[in-house]
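Only one structure is covered here, and it is reproduced in the block below.
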Amino acid sequence: MTKVRINPLTRAHGYMAVEVDIQNGEVVDAWSSGLLFRGFEAMLKNRSPHDAVYLTQRICGICSSAHAMASSIALENAFDISVPKNGYILRNLTFGADMLQNHLRNIYLLVIPDYITAPGGAPGGPPNNDDIRLPKAVNDRIQAHYLEALETSDLAHKAVAAFGGKAPHLQSIIAGGVTEQVLTDRIMHYQSLVSQIHSFVTEKMIPDIEDLSRYYDDYFNIGRGYGNLLSFGMFPVGANNEDRIFKAGVLRNGQDNGNFDPDKITQDIARAWYRGDEGARAPFDGESTPFPQKADAYSWIKAPRYGGEPFEGGPLARMWFSGIYKNGISVMDRLMARAIETKEIAEKVNDWIHELVPDMPTINWINPLPASGEAAGLVDSMRGTLAHWIRVQNHRIAAYRIITPSAWNLSPRDGEGRKGPVEEALIGTPVANRDNPVEVGRVIRSFDPCISCAVHVLQKDGTSKPWRQF
Amino acid sequence: MLTRRKFLRLCLNTAASATLAQMLLPELAEALRLIPGGKPPVIWIEGTSCTGNSISLDNIADPSLRTVFEEIIDLRYQQLTMWPQSYQAMDVLHETKEKERGRYILVVEGGIPMGLPESVIVGERDGIQLNARDTIPWLAEDAMAVVAVGNCAAFGGPSKAYPNPTGTKGVWNVVTNTPVINVPGCPAHPDWMVGTIVHIILYGLPRVDEFRRPTMFFGQLVHDICPRRFFFFNGDFANAPGEAGCLFKVGCKGPVTHADCPTRKFNDGINWCINANNPCIGCATPDFPDGGTSPFFEHLTDIRVLPGIETTAVTVTKGVGAATALGIGAHFAVNLAKGRLGNNLTLETEKEIPVPTDNPYSAIKDELETERNALIKIEAEQILMQQDIKQIRRLQNQGRAGKSLLSKLNPLRFFRKKNKL
């Protein structure tokens with residue numbers, strides 16, 4: 001028995017498990033499974049197109065604003081709705097604050113517990129971890145910052161709510177702009193909150209990640225994966241969302257691979273618990289229904305591919321294509337890029353605030369929308385590339401497709417047998433204690449996994465496992 | 001000692017000065033010290049969930065999440081934040097259930113996928129998969145109480161949105177042997193969650209309505225305590241999201257949603273949906289996001305407010321008066337009869353209503369609006385006048401005003417004159 005299963009993989013959004021084959025102290029094969037399915041695409045059918053913006057946010061409790069953005073952009077593209085300047089700036093401010101929220105919580109609540117000792121009151125109590133390398137002083141300092149992050153992690157969401165109504169699940173970003181007005185008191189609150197977060201990031205988070213990178217420097221050589229990075233570009237600007245502040249890009253096996261072409265995106269259900277149209281399919285091409293009895297499937301996540309190949313997305317891809325961080329592709333590089341992106345965003349939002357014009361419109365509300373239309377809304381979100389496709393007929397949603405960042409990152413094998421990015425990144429990971437493979441969790445959490453966005457039972461050999469009867 | 005009465009008052013009056021827990025905390029810490037066995041253990045388990053309520057809990061401002069973890073509860077299990085993973089996590093879950101029998105509070109986030117149990121796997125033990133459908137009732141058996149947080153856990157919420165692909169149900173429809181308190185909202189406000197847990201710890205189960213929602217948080221309609229209520233009275237309606245004014249006409253579900261959002265607000269009080277010029281979408285109602293709460297940006301249709309009570313736009317406005325009801329209701333009746341609302345109105349999402357290809361609604365919109373706004377305004381004036389009359393009567397009773405004053409304010413005459421009847 002060389003296989004080890006981690007189930008549940010905690011400190012991830014939604015339920016996931018991973019199975020790794022460990023030989024001679026090293027991972028030689030891996031299977032990652034998303035263990036949560038809800039079926040939003042079916043729920044969206046026949047609803048009013050405007051409702052998509054609010055309903056799709058319910059996919060994910062930590063990146064709700066990202067779904068609001070993608071959904072709004074899809075509707076705007078489908079019906080040629082132009083967004084006023086105040087509208088897209090307020091959207092970016094709100095979405096930017098949600099990015100800060102996500103990155104702070106990912107690093108302190110989800111990632112750092114893999115590298116330090118647990119303080120009193122830590123949820124679930126202290127775990128067994130044989131690989132704590134930090135000197136006591138450094139460990140204690142980062143531990144104090146963990147507790148501090150628990151105290152201040154609400155600030156970023158407060159900044160989101162300033163123009164987003166509430167968070168999570170915003171009530172402000174809709175097709176055409178933002179319903180909240182440009183109010184000076186709110187700008188003042190927002191700036192104050194972001195400046196507090198900025199100090200925390202520059203004075204604590206970045207030094208903490210730098211310390212981790214010094215004491216765990218072998219993680220610069222662990223978790224590279226395919227070396228395939230993809231970004232749709234983040235923070236759309238312009239009346240038709242035509243430009244992006246963080247640029248789109250494609251990196252294939254460490255080399256630039258031309259401009260991003262949305263038509264190259266396909267999805268495959270070969271190893272996922274669905275039946276329907278098999279093979280690599282364009283988003284609207286192919287129907288599937290849940291089928292948990294499927295032999296040799298092991299995840300609720302479908303396998304998205306770009307030009308037939310698996311790609312990872314996230315802060316590292318964006319920082320790479322923006323030329324801000326190009327050190328390499330590894331576990332530690334992903335953490336470094338996330339910390340640097342947090343700082344970049346906390347600084348950039350201050351410039352955007354100055355472009356706001358009080359008393360000018362923030363929204364171009366069109367209701368009812370034309371009877372039919374079809375378009376995609378592509379935007380980078382916290383964990384990577386997020387795409388919504390909408391097809392409206394007769395004033396109703398005829399079809400809706402969503403491919404989330406975690407579907408890209410955590411995808412299972414496809415019909416061609418190619419592993420997903422996380423599965424590939426796990427190959428070669430040294431595991432000191434197979435009964436407690438902390439190294440595996442570190443690799444996976446560097447991708448900031450979120451299964452809420454996509455995803456039965458593992459049936460690795462095509463055999464169904466017995467269900468527990470209580 | 002913090003009495004129950006005082007606690008309730010704190011819960012109800014948070015908007016007055018500080019947040020719930022800020023006032024509560026010093027006394028709470030003292031009270032918790034008196035509890036035998038110390039801080040009560042909490043197991044937080046997820047079903048068909050988006051993790052949004054875990055995140056909303058993290059958003060608690062006063063007390064901070066740190067204080068919640070360190071001083072209020074002993075959070076043994078929560079997928080999102082717990083340090084152990086894999087079998088270590090499962091060990092914690094099983095140990096807590098066995099050793100803390102009858103003492104732990106089970107918090108459930110997300111609904112229970114009854115139709116497709118394979119859709120949520122919470123973990124495994126000895127090679128056996130634990131699905132949410134079986135694990136949640138199993139954990140509930142030995143719990144002191146079950147708190148269903150968020151609309152999915154309470155009522156199925158967005159996870160059971162038509163066609164409900166996973167056959168999701170609310171926890172109280174499945175768990176029958178342990179009391180379930182529903183704390184809906186999408187997500188639930190952190191004060192609602194922590195407030196309910198603290199109430200259970202200190203005083204036992206809180207008083208609940210027919211949908212098992214604590215009345216201290218869900219006892220009032222959003223519409224009744226809405227700061228834009230006077231826009232409604234005055235017939236000052238927003239015609240699009242993003243405008244000032246009452247958002248009734250752009251689909252506000254405040255008149256049928258029980259929650260204290262208008263006074264509590266979200267994210268440490270910085271904002272809330274209607275304040276952001278956005279209609280309430282009824283995220284704390286039992287049928288959200290179906291059953292009349294959607295389309296989100298369209299008029300109210302039939303919605304279950306409490307069991308056995310259905311409301312329409314007509315009954316919503318009963319409390320206001322006949323004229324308003326007439327104004328809004330007539331508009332509805334006419335348009336429904338003529339099929340004018342066609343593409344804008346669905347009673348239930350499962351019914352596919354034939355949709356006209358053009359949009360006759362917009363052609364008659366302005367005309368109807370003018371008419372309706374006038375009627376609503378008249379009604380509101382009547383109400384204000386009636387208040388004046390009460391005031392005058394009170395003064396008369398106290399001997400501080402003469403009869404003549406009242407005659408000048410004859411409501412009927414005023415009404416007729418104003419409307420040239």
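The values are calculated or read from the model by the stated rules, or taken from the named source; none is laboratory data. Values in this document were obtained by computation on a predicted structure and should not be read as measured data. As a convention, Cβ positions derive from the backbone with ideal geometry for all residues, glycine included, and neighbour counts pool all protein chains shown. Quick note on the areas: whole protein, heavy atoms, side chains included, nothing else; ligands and nucleic acids left out. Shrake-Rupley method; radii C 1.70, N 1.55, O 1.52, S 1.80 Å.
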Being open to solvent by less than 10 Å² (accessible area, probe 1.4 Å), outside any loop (DSSP other than H, G, I, E, B) and out of contact with any Cys (no Cβ under 9 Å at 6 or more places or on another chain) narrows it down to one of A:VAL4, A:VAL18, so name that one.
A:VAL18
Please tell me if A:LEU378 is touching a strand residue (DSSP E or B) at 6+ places or on another chain (Cβ under 8 Å) and open to solvent by less than 10 Å² (accessible area, probe 1.4 Å).
no
Does region B:132-141 include one or more residues that are touching a Ser or Thr at 6+ places or on another chain (Cβ under 7 Å), aliphatic (A, V, I, L, M) and modelled with pLDDT of 95 or more?
yes
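Conditions (1) within 8 Å of chain B (Cβ to nearest Cβ); (2) under 22 Å from B:ILE55 (Cα atoms); (3) open to solvent by less than 20 Å² (accessible area, probe 1.4 Å), marked per residue:
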| residue | (1), (2), (3) |
| --- | --- |
| A:HIS157 | yes, yes, yes |
| A:PHE163 | yes, yes, yes |
| A:LYS166 | yes, yes, yes |
| A:GLN171 | yes, yes, yes |
| A:ALA175 | no, no, yes |
| A:MET188 | no, no, no |
| A:VAL194 | no, yes, yes |
| A:HIS198 | no, yes, no |
| A:GLU203 | no, no, no |
Pick from region B:282-292, criterion open to solvent by less than 20 Å² (accessible area, probe 1.4 Å) and out of contact with any helix residue (DSSP H, G or I) (no Cβ under 6 Å at 6 or more places or on another chain), ranking: nearest to the other protein chains (Cβ to nearest Cβ):
B:ASP290
Restricting attention to region B:217-234, the residues that are open to solvent by less than 10 Å² (accessible area, probe 1.4 Å) and more than 14 Å from chain A (Cβ to nearest Cβ) number exactly 3
Residue within region B:109-118 that is of a type in the set (A, V, I, L, M, F, W, C), in a strand (DSSP E or B) and more than 10 Å from chain A (Cβ to nearest Cβ) present:
yes
Check region B:141-153 and report whether any residue there is within 10 Å of chain A (Cβ to nearest Cβ), out of contact with any Cys (no Cβ under 9 Å at 6 or more places or on another chain) and either crowded, with 24+ Cβ neighbours inside 10 Å or part of a strand (DSSP E or B) (or both).
no
Can you tell me how many residues in region B:176-185 are within 13 Å of chain A (Cβ to nearest Cβ) and open to solvent by 10 Å² or more (accessible area, probe 1.4 Å)?
1
In this structure, does B:VAL68 turn out to be facing chain A (nearest Cβ under 10 Å) and in a strand (DSSP E or B)?
no
Taking region A:111-140 only, how many residues are farther than 20 Å from B:LEU57 by Cα and either touching a Lys or Arg at 6+ places or on another chain (Cβ under 7 Å) or surrounded by fewer than 17 Cβ atoms within 10 Å (Cβ to Cβ) (or both)?
11
